[in-house]
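Reading through the structure tokens given below for one structure.
The values are calculated or read from the model by the stated rules, or taken from the named source; none is laboratory data. These numbers were taken from a predicted model, which means no experiment stands behind them. Virtual Cβ from ideal backbone geometry, glycine too; neighbours counted across all protein chains shown. Quick note on the areas: whole protein, heavy atoms, side chains included, nothing else; ligands and nucleic acids left out. Shrake-Rupley method; radii C 1.70, N 1.55, O 1.52, S 1.80 Å.
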Amino acid sequence: MRKILNKYSAHYQDTLKIALPVVISQIGQNLTNILDNVMVGHYDTVSLAGAGFANSLFAIFLVFGIGFAVGVTPLVGKAHGQKNYKEMGSLFKNSIVVNAIFTLVILSVLLGLTTMMDFMGQPPEVVQVARPYLLINTFSLIPMMVFFTAKQFAEGVKYTKAAMYFTLIANIVNVLINYILIYGNFGAPEMGLLGAGIGTFVSRLVIGIGMMMYVFRNKSFQLFLSGFAEAKVKSSKLIEQLKMSLPIGLQSLMEVGAFGVGSMIIGTVGTNPMAAHQIVMSMISLTFMMVSGVASAVAVRVSNFYGQDDWEEARNAGFTGLVFAMFAMAISAITFASFNHFLPSLYTSDPEVIKFAASMLLFAALFQLSDGAQVIMTGALRGISEVKMPTLICFISYWVVALPMGYILTTSTDWSFLGVWIGLTSGLTLSAGLLFARFTWKTKHEIERRIEVKREVVNA
């Protein structure tokens, strides 16, 4: 028993050591939007709805980009486990090229979307304030992707604290600029939602430049970048990263895209439900980012063991992260259910918006455990380079089950905007179950196969 406790104790300690800075960094990144929503919500309800509309579009591509950048982390983690430092430098150089090309593509798409916002079924006054906010957020994607390119490489070698520090600094910058430009303080023009967009852009510029300089100038990275200078950008390397990054990015796109489309469906019901939805989305995004940080640590640790061909420890690392997530999300669920009226009041004083948000929070509480399980299992599967099946599971769960169910319930029943939340809860639960089953089967199969190989060797 003591050996078992010591064994898992080491897993918990290592996971926590890697995960804690990542969790704080992830929360800090999401805090930028939360602070925007809180400060804009106290400006006026139309601006809050505009932020919800713009963010529902932007978040789809931002998370797609983040997921795409994450693709290099398990590759670096695997190379790190094998102590193949030249390969790590090559991976980083090629990831810079891949992410740069990808950023230009999604930047072009987002710029095109800003011209089509009038045709998305939202109230005209909401579109009017949302368009310039989306436009400036679109250009903030450039420094944000620079940040994630450097961050994901650093996470692959278990250096996670720098991203946390830069993110905290960026939030301070964002709040200060918001306070000045949203409300017109200290003689500055009163810019409302646009002022929040400027604050977000500047804060992302800070973390993008800062994180990339940290990776290149920190002496600790000299060994990991030993192959960077002589490494060539090769099509074979680009394709290798695309095979990992594209499914991860698509999975992130489909998941967040489902929530974005859900926002659009709710927006057709009215401005107040949309504002309420934005409030709840900012809260569940915070809890998602929290367990997403743990999932990043799980992916790194699993990929290290995968590089060492130690499937039993890879399996243990995955399940250790799952325990962390279940504990954290249980607390979130209890908090949302217990304070479902109080929490929305932190964002707005509009009684109708608070009432709508309170009802949505009850459904958010229901799917917290499922959300935590699916994101951890996704990270664990990513650590063993399993990315295609999770993408298929994501598609079925959200686009075959969640969205059609949500649309039908919203447009054809008395559930109204809550129909979207019922659909999302169902999709998340299905996704969690299928991903857990896949990781459990995959690792068990590999462990048994290696035991059988050893037996054959002994018998021979």
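Report the residue count in the range 361-373 for those that are open to solvent by less than 10 Å² (accessible area, probe 1.4 Å) and either farther than 10 Å from A325 by Cα or without any contact (Cβ under 8 Å) to a residue 60 or more places away in the chain (or both).
3
Quick test of your reading of the structure: V300 fulfils all but one of (1) β-branched (V, I, T); (2) in contact with a Ser or Thr (Cβ under 7 Å, 6 or more places away or on another chain); (3) open to solvent by less than 20 Å² (accessible area, probe 1.4 Å); (4) farther than 16 Å from L75 by Cα. Name the failing condition by number.
Here V300 meets the rest and fails (4).
Of the residues in the range 160-217, how many are over 19 Å from the mean Cα position of the chain (by Cα) and more than 30 Å from V126 (Cβ to Cβ)?
Final tally of qualifying residues: 9.
Hey, among K93, K78, K83, which residue is open to solvent by 20 Å² or more (accessible area, probe 1.4 Å) and without any contact (Cβ under 8 Å) to a residue 40 or more places away in the chain?
Numbers: K93 fails: without any contact (Cβ under 8 Å) to a residue 40 or more places away in the chain; K78 fails: without any contact (Cβ under 8 Å) to a residue 40 or more places away in the chain.
Exactly one of K93, K78, K83 is open to solvent by 20 Å² or more (accessible area, probe 1.4 Å) and without any contact (Cβ under 8 Å) to a residue 40 or more places away in the chain, namely K83.
Take the range 212-227 and flag every residue that is open to solvent by 40 Å² or more (accessible area, probe 1.4 Å) and either among the basic types (K, R) or in contact (Cβ under 8 Å) with a residue 60 or more places away in the chain (or both).
Residues satisfying the conditions are Y214, R217, K219, S220, L223, S226.
Pull up the range 38-61, narrow it to residues that are open to solvent by 20 Å² or more (accessible area, probe 1.4 Å) and assigned to a helix (DSSP H, G or I), then point me to the one that is farthest from A275 (Cα to Cα). Break it down into steps so the answer makes sense when it comes.
To start, the set of residues in the range 38-61 that are open to solvent by 20 Å² or more (accessible area, probe 1.4 Å) comprises 38-39, 42-46, 59-61.
Remaining after also requiring assigned to a helix (DSSP H, G or I): 38-39, 45-46, 59-61.
Details: V38: 11, M39: 13, T45: 7, V46: 8, A59: 16, I60: 18, F61: 21 Å.
So, considering only residues that are open to solvent by 20 Å² or more (accessible area, probe 1.4 Å) and assigned to a helix (DSSP H, G or I), the one farthest from A275 (Cα to Cα) is F61.
Taking I172 as the residue in question, decide whether it is open to solvent by 20 Å² or more (accessible area, probe 1.4 Å) and modelled with pLDDT of 90 or more. Explain how you work it out, then say what you get.
Numbers: open to solvent by 20 Å² or more (accessible area, probe 1.4 Å): yes; modelled with pLDDT of 90 or more: yes.
Answer is yes for this residue.
Every residue, every condition in (1) under 17 Å from F201 (Cα atoms); (2) open to solvent by 10 Å² or more (accessible area, probe 1.4 Å), yes or no:
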{"position": "F119", "(1), (2)": "no, yes"}
{"position": "V146", "(1), (2)": "yes, yes"}
{"position": "G156", "(1), (2)": "no, no"}
{"position": "Y159", "(1), (2)": "no, yes"}
{"position": "I180", "(1), (2)": "yes, yes"}
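Which pairs do you get when a residue that is among the acidic types (D, E), found in the range 31-42, comes within reach of a residue that is surrounded by fewer than 23 Cβ atoms within 10 Å (Cβ to Cβ), reach meaning Cβ atoms under 8 angstrom, with the pair 6+ apart or on two chains?
Every condition considered, no pair remains.
Can you pull out the residues in the range 277-288 that are in contact with a Gly (Cβ under 9 Å, 6 or more places away or on another chain) and among the hydrophobic types (A, V, I, L, M, F, W, C)?
Correct list: I279, M281, F288.
Do you know which residues across the range 121-130 are touching a residue at least 24 places away in the same chain (Cβ under 8 Å) and open to solvent by 70 Å² or more (accessible area, probe 1.4 Å)? Give the derivation first.
Residues of the range 121-130 touching a residue at least 24 places away in the same chain (Cβ under 8 Å): 121-123, 125-130.
Passing the criteria: E125, Q128.
Name the residue, out of L20, L35, that is closer than 24 Å to A162 by Cα, open to solvent by 60 Å² or more (accessible area, probe 1.4 Å) and at pLDDT below 80. Break it down stepwise before answering.
Details: L35 fails: open to solvent by 60 Å² or more (accessible area, probe 1.4 Å).
Checking each option against the conditions leaves just L20.
If you go through the range 228-269, how many residues are among the small types (G, A, S) and free of Cβ contacts under 8 Å to residues at least 40 places away in the same chain? Don't jump to the end; show me each part of the working.
The first filter runs over the range 228-269 and keeps only residues among the small types (G, A, S), leaving 229, 231, 235-236, 245, 249, 252, 257-258, 260, 262-263, 267.
Next cut, free of Cβ contacts under 8 Å to residues at least 40 places away in the same chain only: 235-236.
Selection size over the range 228-269: 2.
Do you know which residues across the range 360-393 are assigned to a helix (DSSP H, G or I) and of a type in the set (S, T, N, Q)?
So the first thing to find is which residues in the range 360-393 are assigned to a helix (DSSP H, G or I), and the list is 360-366, 368-383, 388-393.
Across the range 360-393, the qualifying residues are Q368, S370, Q374, T378, T391.
T411 is checked against (1) touching a Gly at 6+ places or on another chain (Cβ under 7 Å); (2) within 20 Å of I266 (Cβ to Cβ) and fails just one. What number does that condition carry?
(1)
Mind checking which residues of the range 323-353 are modelled with pLDDT of 90 or more, aliphatic (A, V, I, L, M) and buried (at least 22 other Cβ atoms within 10 Å of the Cβ)?
The answer is M329, V353.
Of a type in the set (D, E) and either under 26 Å from G67 (Cβ atoms) or in contact with a His (Cβ under 9 Å, 6 or more places away or on another chain) (or both) - does that describe any residue in the range 313-321? Explain how you work it out, then say what you get.
Of the residues in the range 313-321, the ones of a type in the set (D, E) are 313.
Then keep just the ones that are either under 26 Å from G67 (Cβ atoms) or in contact with a His (Cβ under 9 Å, 6 or more places away or on another chain) (or both); that gives 313.
The answer is yes, given that some residue of the range 313-321 is of a type in the set (D, E) and either under 26 Å from G67 (Cβ atoms) or in contact with a His (Cβ under 9 Å, 6 or more places away or on another chain) (or both).
Residues are listed down the side, and each one gets a yes or a no for (1) under 28 Å from V76 (Cβ atoms); (2) not polar (S, T, N, Q):
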| residue | (1), (2) |
| --- | --- |
| T391 | yes, no |
| L409 | no, yes |
| L428 | no, yes |
| L434 | yes, yes |
| E448 | no, yes |
| R455 | no, yes |
| N459 | no, no |
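Kindly indicate whether any position in the range 236-246 is under 24 Å from S397 (Cβ atoms) and buried (at least 24 other Cβ atoms within 10 Å of the Cβ).
The answer is yes; a qualifying residue exists.
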